Amino acid sequence: DQQVKQNSPSLSVQEGRISILNCDYTNSMFDYFLWYKKYPAEGPTFLISISSIKDKNEDGRFTVFLNKSAKHLSLHIVPSQPGDSAVYFCAALNSGYALNFGKGTSLLVTP
Amino acid sequence: EAQVTQNPRYLITVTGKKLTVTCSQNMNHEYMSWYRQDPGLGLRQIYYSMNVEVTDKGDVPEGYKVSRKEKRNFPLILESPSPNQTSLYFCASGWEARGETQYFGPGTRLLVL
């Protein structure tokens with residue numbers, strides 16, 4: 001059963017605007033969350049992470065928000081650029097070391 | 001250059017013919033892992049290893065074997081491949097599973113006929 005869910009398979013945003021990618025999880029034992037970005041024909045690359053003791057983490061244009069009570073996190077990209085077009089995976093860790101991934105959201109940033 | 005390498009990058013095989021996909025990292029990472037990516041299912045973890053001789057099952061270990069005899073290598077073994085193992089496979093390594101230090105290889109596309 002999928003414990004990390006990305007319910008939007010795709011998202012299209014205009015260049016310069018905000019992209020918001022959402023992720024929900026079901027396992028309350030998850031305590032660390034990561035976002036990975038993947039271009040075609042390449043392996044995923046790490047983007048940003050957040051510990052469950054925080055509710056926000058920011059790195060340049062990328063901000064991740066965590067709402068533990070709702071078991072929801074989101075990735076905000078501001079401003080969006082065409083080079084941000086990729087598949088974004090949300091992932092979560094519990095006290096162990098098995099990384100649980102969502103199915104991914106394909107982001108298209110149009111000029 | 002710090003990297004995770006996988007070989008082969010592409011492989012077509014037939015049902016039942018044993019195969020091995022190699023994975024090697026040059027960053028002295030403790031943690032290594034294998035994932036498969038399938039349309040509509042995202043990335044699913046097959047096996048992972050916290051250190052030499054320490055391996056554990058991920059979400060979808062059936063039909064796969066791994067070994068970690070040395071730190072830098074983590075081969076994925078399909079003893080008797082079946083068509084449902086047709087997929088895109090990624091190896092990853094990191095100092096630990098947490099944080100940004102998990103590096104992914106370029107992927108191995110496998111077709112089992």
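Key figures
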item	result
Tally of residues being under 21 Å from B:K57 (Cβ atoms) and not in a loop (DSSP other than H, G, I, E, B) across region A:81-111	6
Residue in region A:87-103 that is buried (at least 18 other Cβ atoms within 10 Å of the Cβ) and among the charged types (D, E, K, R) present	yes
Complete set of residues in region B:20-43 that are within 13 Å of the chain's Cα centre (by Cα) and open to solvent by less than 60 Å² (accessible area, probe 1.4 Å)	B:V21, B:C23, B:S24, B:Q25, B:Y31, B:M32, B:S33, B:W34, B:Y35, B:R36, B:Q37, B:L43
Residue count for region A:77-86, restricted to those that are within 20 Å of B:L43 (Cα to Cα) and either in contact with a His (Cβ under 7 Å, 6 or more places away or on another chain) or buried (at least 21 other Cβ atoms within 10 Å of the Cβ) (or both)	1
Residue check for A:F33: more than 14 Å from chain B (Cβ to nearest Cβ), of a type in the set (F, W, Y) and either surrounded by fewer than 15 Cβ atoms within 10 Å (Cβ to Cβ) or assigned to a strand (DSSP E or B) (or both)	no
Residue ID - farthest from the other protein chains (Cβ to nearest Cβ), chosen from residues in region B:63-113 that are over 21 Å from B:V52 (Cα atoms) and assigned to a strand (DSSP E or B)	B:V112
Enumeration of residues in region B:8-19 that are surrounded by fewer than 14 Cβ atoms within 10 Å (Cβ to Cβ) and in a strand (DSSP E or B)	B:Y10, B:I12
Hits in region A:36-73 - residues which are within 15 Å of A:Q6 (Cβ to Cβ) and at the interface with chain B (Cβ under 10 Å from one of its Cβ atoms)	A:Y36, A:K38, A:P44, A:L47
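The values are calculated or read from the model by the stated rules, or taken from the named source; none is laboratory data. As the structure is a computational prediction, the values presented were derived from the model and not from experiment. Virtual Cβ from ideal backbone geometry, glycine too; neighbours counted across all protein chains shown. To get the accessible areas, we keep the full protein, side chains included, count just its heavy atoms, and leave off ligands, DNA and RNA. Shrake-Rupley method; radii C 1.70, N 1.55, O 1.52, S 1.80 Å.
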